[in-house]
Amino acid sequence: MPAELRELVQEAQARWTSRVGLSLDGADGTACQMECEPSELPEICNWLFSDRHYSFGGLVVEQRTRWELRYAFYGSEASWVHVVTYLSDAGDRFPSISGLVHAADWHEREAEDLFGLVFEGHPRLGDFVLHNDVWQDGVTPMRKTFDGRKPVTHRAPDLNWKPRRIVEETGAFAMPVGPVHSTATAPVYFQLETVGEDVIRAQPRLFYAYRGLEKIAEGRRADDVLLIAERISGTSAFAHSLALCQGVERLCHVEVPQRAASLRVFLAELERLRHHVAAIAGVCESTGLAVAAAHAAILEEDLLRISGSLTGHRYLFGLNAFGGLSTDFDDAACGRGAAAVAQVAEKLTVLQGMLSASSSFLDRLEEVGIVSFANARDFGLVGPIARASGLSRDLRKAQPYCGYDAIKFEVPQESEGDGYARLRLLFREAEQSARIVSAITRDLPAGRFRIPETDLRQGAALGWVEAPGGAALHWIRLGEEGRVERYRIITPSFANWHGFRLAAESFAFQDFPIILATFALSVHENDR
Amino acid sequence: MGALLIAVLALCGVGVILPLTIEERRIPEIVAWLGSIASIVLLWFSAAALFAGAPFHATLWSIPSLATLTLSLDRLSALFLFISGLVLLPGSIFAGGNLRRYIGRYGLSTFSVPYFALFATIVLIPLSADAVSFLMLWELMSILIYLLVNYEDEADEHTRSGYLMLAVGEAGTLLIALGFIVLANNGSLEFIAMKASGATLGEDARWAVFLLAFFGFGVKAGLIPVNFWLPQAYTSAPAAFVPIFAGATLNLGLYGIVRLNGDLLPVSLVGSGLVALIIGSVTALLGILYATTQSDLKTLLAHSSIENAGIITAALGAGFVFIASGHPPIAAIAFAAAFYHMANHSIYKALLFFATGAVDSNVGTRNIDQLGALIKVMPFTALFFLVGALSIAALPPFNGFVSEWLTLQTMLQSAALASSGVKIVFALCGAILALTAALAVTCFVKAFAMSFLGMARSDEATQARSAQKSATAPMAFMAVLCFLLGVTPTYVIPVLDGAIAPIAEQARAADALVPPFFSGNVYHRELPPAFVADFHALGAEVGQTVIPGRGLVVLHRGGTANPVVFAMSTAYMAVVLALMLLAAYVVFRLIVARRRVVLRRTVWDGGIRSLLPEMTYTGTGFSNPVRVIFEAVFRPTTVEDSRETVGKHFRAAIRRTRGENHVLDRLVLNPIADGALWVSNGFARMHHGFLNAYVLYGLGALLVALLIARFS
Amino acid sequence: MSQWVIRGLRTGVKSTRYPRVEETAAGTSPGLPVSTALSSDLAQSLVAHCPVDALHPSITGVDVSLRQCIHCFRCVRATNNPMDWKGGYEWATAASDRNEKGTRFGPAFSRSVHILVVDAGDCGACLNEVKQLNNPYYNMHRLGFFLTPTPRHADVLLVVGALTDHMRLPLRKAYDAMPTPKRVVAAGACALSGGIFGQSFMCAGGVGEFLPVDVEVPGNPPPPLAILHGLLVAVGRKPTAGSHHGPGGPAENGSG
């Protein structure tokens, strides 16, 4: 048990004597569950978040015999703290923690929309996942009584419905962008409040691509849900399927063979590299630097082809399986793949050098779209976005999995929090990923690539990975016959979209697409 | 001739007296009928002098040992009178219609009495030929304008802006009086005598006369730094009066500058011409900058008047420089540009004020941010406003283009000058004027598009009624004038020549710009035959054969090496534009229309539920980039910038209010006011706060000054 | 800036020569299962592996309905009697039978074509493959294809994604806002059948029920070349592939 966690438990015991049930969980004793009354919830969460500087992972709502709310926090040293509270099914009112733990804002809004729970004290409930112009009040799709297989009849659309506006200034107006906007972009609507030139408030309206994945997973077989996990976000498919696999493996106490773990790292880093290269291409394109964008796009396609020729699928679909991988790869093929990756990494370094010498390009990025460290922490930002603001959180280091603790790599960090810091970070992380890829293929352990048959048990567990965009948490509860009872997907984009406005506001219109590109946000990952 | 003048004055007299004797609701008709008849007579009277050169001279009353009050009409005066007549004719009809909305709220005779008195004053000021009658009429005009500006006296800000205008006007009058005194040089106060005595003045005295007259009249003309009263006064003035305010009385300020500095004491110093040029250019730029960022249509137009006054003054200044450096032919072009632009400004500005007045009375607001889509409910007003906007934005084939083009061409003629310093000033001022012209397009795209196109941003704008005939008819009249003056520069410039000749040492702009060399073979010897043949091939002599006149091409001749300095023809441009439109229409009908499928769909909105008016650009938003780019000028002050939050990060409201101190207030008025306050603390006891007393002080000071001048 | 010019020149030509010459580079396509001859009980056990009902037992073995196939590889990896798997990418079929000539879509699309892409709720992979069409490898501009942000300029509507509830209105508005004549290309298993998402309270199970789809491009995601083939089919510059519709598919009665 880590010293950090032991000390935390002692302090909690001292502070909330007999009011908080403490139990240690997990085979390795790295997770702690604190059970408390709803009324204690804000204080405990605030203590963890603000005083102890634990990161807020996410909120898992479960409707079992009673409501079960699980607030997952993680520290910087292999330790999870789950704050759990219960409420009888009859009541549906909880205190909101968002006033103190702002990172929980969107989690509470989502739970309110989908479960019909009321978070008292939350100032912004409604019109989140389910859009208020057609969804009537009282439709709560995530409740067990709701049949997710049937289409829903909406009320007549309210033609005068509009998102809330808060800017009060002479001549202010709301510039609508989307949901169908630009060329080949994911559906998202931005309401940019402005008086011209500067964006005063940038509120994204998301969930146009809400496919109800958490709902449609319920009742399905776990291995079919794995296919859904791959399709949360096609561009980080491997990371999400890995998170689910690790959750199920943790639940079923399955030890993944060494070879599978190494290959998983190999593929996960290949995916991270591709994701970052795509993000870099996006940044170059947003600034109108066509040659650089084309070069980055060539590298992205190179990586897609490397993935495709090695694994059969350009986006690494169908590879993860419970207990390992669905197929094995030839060591030599992996070596060839790694060599090709090394070439890509080399060209990427050249590209970075050229970009850092293009002053007109840097002018568009430097001191644009700034997210301060304090804001990044308060909003619970994750991944490269957080690390560019000096918030160094990486689950590969903090909560190692797949043997990442045995791999030598750096977690790069920048402090400025502007567009250029995010771009530099993408380059540096891409370089690290390429290094991991070639290091791991140099001595791939021999052996099985999969445990032949995973015995699915009943129960729940958390799986996590550091997806390319940041921390991804999957809470999986299995019932009888290996069928999924509850599948909660917490994605990095969900956290980072929440904080996107921090960067976009008070900058000019023409900076907006650039700031958006430096965030490299995935709408699909957010919407699920 | 005298009979016509007496008729005008008599009609004005009837206009003053009659409304006092009849019932209120008949007054609008009286204003419209009497005003338009008087205007027609005035047009006749001035046209006779302007076109036919019929002179007029009358000695009214001799004040012993001071001056003989005389009225005299030369072509310069006639030009101003004619322009005034062009504005007063539709202006009176519009005023009559517009006054109806005041019935029951304000006494209409309090409008009509000063209106007709002002009418007479406007007629008499250009006629007066001695300093005493001129100053008395000038003073009378100030007071009458004050009464009209303050007509809607229930609003305090109207009274305040009236007072400010009156105070600045008095200061201006004082400067003018001093200018006359210096010019008279202990001689008679009649203009003829002054002209003679002026010739003997030394350089210092010439500077003094120039500066006193320039800034004294600059108050009425709206020049920096003495124009801070103007936007407020224009905004406060009732819609029925403001077209005349901008179209006729502003010109009188320019008239004063021309009469004193051009006619009585012709500018002989390059420096004073440069002062006019620089002041004019900067006035134009500041005017258009502030115009662009306004959201009240009327205030926007007021600032735009400042801009136009600046352009006119810059052209005058350029003319002064050319006169002083011995280039009367180029000076004549500059003066032609100035007078042309003045006439144009009077016409399109009156048109735009008519349209704004119609919008104000039919919608209930002039705030661009609350307008939008008015073209649907007020189609004619929209059409005429568009013509006015195109004219003022200097786009062909309308009149603003011709005069701004001539002005900018004049700036390029600085090559003729010797001093490189002066050339640099010309280049800079030319650049400023070019920037002004570009911003004017932005400004009037905003004024038109944000008010008349797009979606209605308020219920009032959706429910507005169409404008009355008494409003659309004057607009139509002015719109036709905008077009005619735009396509017939070769006919307008010779008319202007009558007014230009006396101040440009008898040089004629027509000779320089519209030579009749395409017919009669008179000038063919001066130009290469091939060149002339080319122009014949282009149809440059069409005017000569089709309609009587001088061809349709404005062409500035140079030497043999460079036969054409510049040339253009708005008439041909209009024809080409029309042909292109026609061709496009024909192509569309013949080729495209045969296999077209017409789908009527709403604006593509990105797929949101419905596009609401609040999701479209506001006027403020449209012009905000200008505000941001020129922040050094605007120097916005943050009055309020507050964020209401729930907890730390939930925002309930972002409130911002931006304030602005006009750059002149900041740099000129406030320091002066602070200094004056400091000084006046010492004199505090002398002051008892009655405006009348201050006016009396002003008049007293004037009389004292005149007496000193007479007896010293 | 000259460094970029030099760099660009030194990179050389990357573009594929498809459609004139077949593209053979590795990793450009995941391939698709093809109908396989198997004994009937082996066929039954193989069909059970498919999570999306893409496999159907037939008289000779197993038939594949490509509209459903999501590239899960279970029918090739999880069994000893795998389905036959075939590379290639010319998968697009003209589903519409409005045009009796089959492949020709008329002269309206013979010149440059502007394409509006609407993501109606996919996982991001299909959308990313569409984006790849603009990279130097595929460079769709050379074929006269341009992406446009507004339906007003669009000739072809390229839809990806399972059509979520929230995207119905934007998709309908985009389609309505396009001038005629217009073509709809649905790319990806989700857009064709709902894919793994199927039919639910949020997903319509494909856009075919909602819009008249002219060309269907199977794949999960369809690789860029498959989408390119779909566009070429849509404008009548490539013949349609054989029917991919298994039993119950809308094209059962005739076309392809």
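Overview of results
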read-out	value
Shape of chain B, Cα gyration tensor, a/c cut at 1.5	rounded
Distance in nm between pseudo-label sites at B:Glu203 and C:Ser15 (7 Å out along the Cβ direction from Cα)	7.3 nm
Phi to ³J(HN,Hα) by Karplus 6.51 cos²θ - 1.76 cosθ + 1.60 over the stretch A:410-415, Hz, x for Gly, Pro	9, 9, x, 8, 10, 10
Under the Karplus curve 6.51 cos²θ - 1.76 cosθ + 1.60, θ = phi - 60°, whole-Hz ³J(HN,Hα) for the stretch A:163-170, x wherever Gly or Pro sits	x, 4, 10, 10, 7, 10, 8, 4
Amide H within-cut-off set for B:Phe56, under 5 Å, with H built and near neighbours excluded	B:Leu73
Magnitude of the charge dipole, the protein assembly as shown, Cβ model with Lys/Arg +1 and Asp/Glu -1, debye to 20	2920 debye
Euclidean distance of C-alpha centroids, the stretch B:350-377 and the stretch A:97-163, integer Å	43 Å
Contact order relative to length of the stretch B:2-500, as percent, for alpha carbon pairs under 8 angstrom and 6 or more apart	15 percent
Neighbouring partner chain Cβ atoms per residue of A:484-491, average, 10 Å criterion	0
Diffusion constant of chain C at 37 °C, which comes from Stokes-Einstein with the Kirkwood Cα-pair radius and 0.692 mPa s, µm²/s	174 µm²/s
Added length on full extension, which subtracts the Cα-Cα distance from 0.36 nm per residue, B:Val639 to B:Asp674	10.4 nm
Per-residue [θ]222 nm for chain A (sum of -39500 (n - 2.57) over DSSP H runs n ≥ 4, rounded to 500)	-12500 deg cm²/dmol
Debye, to nearest 20: dipole size of chain C, +1 on Lys, Arg Cβ, -1 on Asp, Glu Cβ	1180 debye
The stretch B:294-315 and the stretch B:156-209: distance between their alpha carbon centers, rounded to Å	25 Å
Rg/Rg_ref, the stretch B:162-313, where Rg_ref = 2.2 N^0.38 Å and atoms are Cα	1.08
Spin-label model distance (nm) - B:Lys195 vs B:Ala155, 7 Å beyond Cα toward Cβ	4.5 nm
Only Lys, Arg (+1) and Asp, Glu (-1) charged, at Cβ; the stretch A:90-225 dipole about Cα centre in debye	520 debye
Three-way shape call for the stretch B:1-151 based on the alpha-carbon gyration tensor, with the a/c threshold at 1.5	prolate
Residue-averaged beta-carbon neighbours from other chains (10 angstrom radius) around A:520-528	3
Within chain B, helix-based [θ] at 222 nm, where runs of 4 or more DSSP H residues each add -39,500 (n - 2.57), nearest 500	-21000 deg cm²/dmol
Dimensionless Rg/Rh of the stretch C:12-72 - Kirkwood Rh, Rg from C-alpha atoms	1.19
For the protein assembly as shown, the spread of Cα positions along each principal axis, largest first, Å	129, 82, 62
Calculated P(r) of the stretch A:232-490 - Cα pairs past 29 Å, %	32 percent
Per-residue Cβ neighbour rank within 10 angstrom, fewest leading, B:Ser304, B:Ser361, B:Ser414	B:Ser361, B:Ser414, B:Ser304
Prolate/oblate/rounded label for the stretch B:613-659 (Cα gyration tensor, a/c 1.5)	oblate
Percentage, to the nearest whole number, of Cα pairs in the stretch A:124-269 over 27 Å apart	46 percent
Local net charge near B:Phe210, Cβ-Cβ under 12 Å (Lys/Arg +1, Asp/Glu -1)	-1
Signed unit charges on C-beta, dipole axis of the protein assembly as shown, positive-most listed residue B:Leu285, B:Phe134, A:Ala268	B:Phe134
Among B:315-326, B:123-134, the order from most to least packed when residues are scored by Cβ within 10 Å on average	B:315-326, B:123-134
For the stretch A:3-120, projected area of the alpha-carbon convex hull averaged over all directions, nm²	7.1 nm²
Relative contact order %, the stretch A:224-382, counting alpha carbon pairs below 8 Å whose residues are six or more apart	23 percent
A:Gln343/A:Arg64 FRET efficiency (R0 45 Å; Cβ-Cβ; nearest 0.05)	0.30
Charge dipole (the stretch A:89-233, unit charges on Cβ, about Cα centre) - positive-most of A:Gly121, A:Gly219, A:Ala172	A:Gly219
Antiparallel content of DSSP bridges confined to the protein assembly as shown, in %, to 5	75 percent
Leading residue at positive end of dipole, chain B (Cβ point charges), from B:Leu664, B:Ile392, B:Val679	B:Ile392
Directionally averaged shadow of the stretch A:443-528, computed from the convex hull of its alpha-carbon atoms, nm²	8.9 nm²
Chain A - convex hull of the alpha-carbon atoms, volume per residue in Å³	144 Å³
Other-chain or far-sequence residues with amide H under 5 Å of C:Val34's (modelled H)	C:Asp84, C:Trp85, C:Lys86
Chain lengthening between A:Ser359 and A:Val20 when straightened (0.36 nm per residue, less Cα-Cα)	116.4 nm
For chain C, calculated [θ]222 nm from helices alone, where every DSSP H run of n ≥ 4 adds -39500 (n - 2.57)	-6000 deg cm²/dmol
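No lab work stands behind these numbers, since they all come straight from the coordinates. It should be emphasised that the depicted structure is a prediction, and the values quoted were computed from it without experimental measurement. Neighbour counts are summed over all protein chains in view; Cβ atoms, including those assigned to glycine, are modelled from backbone coordinates with ideal geometry.
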